[in-house]
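Read the structure below first, then the notes.
The values are calculated or read from the model by the stated rules, or taken from the named source; none is laboratory data. Model, not experiment: these values are computed from the prediction. Cβ placement follows ideal geometry from the backbone for every residue including glycine, while neighbour counts extend to all protein chains displayed. Surface accessibility is based on the protein's heavy atoms, side chains included, excluding ligands, DNA and RNA. Shrake-Rupley method; radii C 1.70, N 1.55, O 1.52, S 1.80 Å.
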Amino acid sequence: MESESLGFLLIDFMFYYGLTFDYATSYISSATSPGRLLPKTEENEVLSIRCLFNPENEIAKSVNKVRAFFQVFKDAYSTLLQLNLMDQTMLGQIIRLDQKV
C-alpha cells in the first residue's frame, strides 16, 4: 500500500464506501488497533460511527440522508474511473493540479 499513489487510494476508498460497505449491517470500530469492521447488533439504516474513547457513544446519530451520503461516494467512484488509470498524476487530475506546480 505504501507504493500506491494517492489517486489510486482515493479510488479504492470511493469504491469501498460507495459500492461495498454495508452500513445497515456493519460499523467500523476504531476502539481496536487497527480499526475493525464489526456487525451491528440490529440491522438499521443509520450510519454508525463509534467514539474512539467511549465505544458506547454513537457520534453519527445526528447524520441524516445516509443513502445520499454513500451515493456521493458511488458517483465519485464512477467519475474517477473515467480518468486514465495509468496516469501517475491521477490525483493531480482529480484536484486539477497543474503539472508545473
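When the surface is traced with a 1.4 Å probe over the full set of protein chains, VAL46 keeps roughly 70 Å² accessible. Model label sites at ILE49 and LEU9, defined 7 Å from Cα along the beta-carbon direction, differ in position by 1.9 nm.
Find the Rg to Rh ratio for segment 9-67, where Rh is the Kirkwood radius over alpha-carbon pairs and Rg uses the same atoms.
Ratio of gyration radius to Kirkwood radius for segment 9-67: 0.96.
For ARG36, ARG67, ARG50, the ranking by accessible surface with the largest value first comes to ARG67, ARG36, ARG50, using a 1.4 Å probe. Amide H contacts of ALA60: ILE49, each under 5 Å away and 5 or more positions distant or on a separate chain (H built 1.01 Å from N in the peptide plane; Pro and chain starts excluded).
Accessible-area rank, largest first, for THR79, THR41: THR41, THR79, with all protein chains present and a 1.4 angstrom probe.
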